Each structure stands twice: as structure tokens, then as C-alpha cells.
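To start, the structure itself, in C-alpha cells.
The values are calculated or read from the model by the stated rules, or taken from the named source; none is laboratory data. Quick caveat: nothing in here was measured; it's all calculated off a predicted structure. Methodologically, a virtual Cβ is constructed for each residue, glycine included, from the backbone with ideal geometry; neighbour enumeration extends over all protein chains shown. Quick note on the areas: whole protein, heavy atoms, side chains included, nothing else; ligands and nucleic acids left out. Shrake-Rupley method; radii C 1.70, N 1.55, O 1.52, S 1.80 Å.
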Amino acid sequence: MEEKRRMRIVHLSDIHVAESHFLPELAEKVIAKINELEPEIMVLTGDITDGGYSPEFEQAKRYIDRIECEVKVIVPGNHDARNVGYLCFEDVFGTRMAVKRYRGVTIVGVDSSQPDVDEGHVGRDKYEWIMKSFGNASVKIFALHHHLIPVPNTGRERNILVDAGDVLDLLLKSGVNIALCGHKHVPWVWNLNGMLIVNAGTACSNRVKWGIPPSFNLIELNEGDTGIQIYRIYSEGGQELVLNQPEI
Ligand SMILES: [Fe+2]
Ligand SMILES: [Fe+2]
């Protein structure tokens, strides 16, 4: 019997295009690797730019357009909200609050940034919209830039979502399976009451902590929505299985 294809979701973050730390040759490797993996869904959890300037977004879009997949969810990060960059984001990528549905998977992406402030905030006014947007999807994925809980090897805790407790409660009540975050430039996976909180590192910048190499995440959902594997794909090459669970 032919093996049924799993759904593949690529999660990358903090590409920081157009800043002095951006590594264009590494970005080429990342695009080539993603296209080789043939994912159905790509989620980019913010810090696309450095200063939120229009040419940075346009340059980033030229890279992102070369990623081949059915569904793309892109949310802004704190760097993208600098210098009124949230308006440039909308010009280039459209909405900052995205809902995408694909083969039983619903992805809700929110803008957790605030103008010229580094800390994250979702806001009570969005909670009902988030819960309703998930509906009764069989797999629910939430995407935002800021981290929901602290990540090891990131130094003094700061910029965490200021309403993290309420958002975590909301996500658990909404039955979210996976929350995707970035911001800290350190890849990590937590399991909180059955919900996976997956942080991506920086995909193609040299803003790495403690020599932790640039990477992105590959999430594989098994056929029938049972079972999940998460791989850390190193941008320079190589990969590591970081989670293998029989049920999602
Ligand atoms: Fe970043
Ligand atoms: Fe950030």
C-alpha cells in the first residue's frame, strides 16, 4: 500500500531581512531546503525586517514569494512595528490577523506587536475573535511573534507577552494543539497541559545566542491527525528530531 503523505508545516521566524545581521546566502539555503521539503503550509512568526521600513518588507517578500507552498501565514514582530512598519506590513502582506484553513487544519495568526515597543501584547478585545476563528477544526494552530512562556538560554526574561497568562488560558480553552512563536532566536518546545508551544530560532541571521546555529522548524502531522513529529532543521544543513508524539 502506498504510504499516505503527511502534512508538512514549515515554521520559520526572525529572518530580519535587510539588517546588518541578515545572511542572504543562508537565506538561499533555507529557501532551497524548504522547497525540497515540499510543505503544504508555511508560518512565519515575525521580525521579518529590522526597522519596519518599506524596502525591507519588499525585499523580504521577494524571498518569501520563492517559497513554494499552498498556505502562507505571516505575522509581524516587534521589529516590524517600528517606524509605523505595521502599515508597511499591511501594504506588502495584507492583514496582520490571519485565519487560514487547509485540510482540517486551522491556523490563526495574530499581531502581538505594538508600535515602537518590544514587549508583546495580544489584547482582550481579540480573545473572542481568536476562539471563534478556531471553530471545530481537527487541528488548531496559533501563531504569534512573542514567546508565551520563558525559553532557556535567553538571559533575563523580558518582552514576554504581557497578557501571556490569559492568552495561554484562552488557547487551552479553545483546544489549540500547537502554538508557534519566535522572538527569542532560540528554538525550543514546551508541552503545556497537552498544548505544544514551539519556538523557532532565527532562520537566516547571525543574531544567535551562545552559538546556537540558525534553524527553522518542520512539523509533520500524520495522516488522520494522529501523531506529530517536530524536526529542527539547521539552516547550514543537518536536522534533529526534537519531538515525536503518537497523538496530537
Ligand atoms: Fe528577532
Ligand atoms: Fe522580536
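Here's a check for you: in region 149-180, which residue that is within 16 Å of ligand 2 (Cβ to nearest atom) and under 16 Å from Q114 (Cα atoms) is surrounded by the fewest Cβ atoms within 10 Å (Cβ to Cβ)? The selected residue is R158. Within region 207-217, none of the residues are open to solvent by 20 Å² or more (accessible area, probe 1.4 Å), among the basic types (K, R) and closer than 14 Å to L180 by Cβ.
Can you name every residue in region 9-54 that is open to solvent by 30 Å² or more (accessible area, probe 1.4 Å) and closer than 17 Å to S235 by Cβ? Across region 9-54, the qualifying residues are H21, L23, P24, E25, E28, K29, A32, K33, N35, E36. Limited to region 70-86, what total is found for residues that are farther than 16 Å from D50 by Cβ and either open to solvent by 10 Å² or more (accessible area, probe 1.4 Å) or out of contact with any strand residue (DSSP E or B) (no Cβ under 7 Å at 6 or more places or on another chain) (or both)? Total satisfying the criteria: 4. Name the strands (runs of 3 or more DSSP E) wholly within region 149-210 that hold at least 2 residues that are closer than 18 Å to Y231 by Cα and within 14 Å of ligand 1 (Cβ to nearest atom)? Here the list is empty.
Of all residues in region 107-122, at least one satisfies being farther than 17 Å from G51 by Cα and either more than 16 Å from ligand 2 (Cβ to nearest atom) or surrounded by fewer than 14 Cβ atoms within 10 Å (Cβ to Cβ) (or both).
Among the criteria (1) free of Cβ contacts under 8 Å to residues at least 40 places away in the same chain; (2) within 16 Å of ligand 1 (Cβ to nearest atom); (3) at negative phi, the one E58 does not fulfil is (2).
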